[in-house]
1. From the list 55, 20, which residue is at pLDDT 85 or above, in a helix (DSSP H, G or I) and under 10 Å from the mean Cα position of the chain (by Cα)?
2. Counting only residues that are closer than 16 Å to residue 4 by Cα and either modelled with pLDDT under 85 or surrounded by 12 or more Cβ atoms within 10 Å (Cβ to Cβ) (or both), how many does region 23-51 have?
3. Just give me the residues in region 1-17 being of a type outside the set (Phe, Trp, Tyr), exposed (fewer than 13 other Cβ atoms within 10 Å of the Cβ) and either in contact with a Gly (Cβ under 6 Å, 6 or more places away or on another chain) or in a helix (DSSP H, G or I) (or both), in sequence order.
4. Return the pair list, or none, for Cβ contacts closer than 7 Å from residues in region 1-16 that are under 15 Å from residue 56 (Cβ atoms) to residues that are among the polar types (S, T, N, Q) and assigned to a helix (DSSP H, G or I), at least 6 apart or on different chains.
Amino acid sequence: MNWIQRTALLLIIIGAINWGLIGLFQYDLVAALFGGGEQSGAFARVIYTLVGISGLIAISLYFSPAADYDEATAESTK
């Protein structure tokens, strides 16, 4: 797993936690942290966009063959 995939995974986890907070408590953490004024709202939109792009990257991870994963783990244990 390269750094782009790891970063995408981290952003997906952040997005999932945010959606969990929205679903359970109606609390949007990203909007609370970055959604105040006009510039802050723009920054929150950037965060949401990065999470969305990360989801698209994760689609490629979902369809990658298991053999690629096995080769990567075999190389890391050497």
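1. Details: 20 fails: under 10 Å from the mean Cα position of the chain (by Cα).
Just a single option satisfies the conditions, and that option is 55.
2. At the first step, the residues of region 23-51 found to be closer than 16 Å to residue 4 by Cα are 47, 49-51.
Filter again for either modelled with pLDDT under 85 or surrounded by 12 or more Cβ atoms within 10 Å (Cβ to Cβ) (or both), leaving 47, 50-51.
Number satisfying all stated conditions: 3.
3. Filtering region 1-17 down to residues of a type outside the set (Phe, Trp, Tyr) leaves 1-2, 4-17.
Subset that is exposed (fewer than 13 other Cβ atoms within 10 Å of the Cβ): 2, 4, 6, 10, 13, 16-17.
Passing the criteria: 4, 6, 10, 13, 16, 17.
4. Close Cβ pairs (under 7 Å, with a partner that is among the polar types (S, T, N, Q) and assigned to a helix (DSSP H, G or I)) amount to 8/54; 11/54; 12/54.
The values are calculated or read from the model by the stated rules, or taken from the named source; none is laboratory data. All values reported here derive from a predicted model rather than from experimental measurement. Note: ideal-geometry Cβ built from the backbone for every residue, glycine included; neighbour counts use all protein chains shown.
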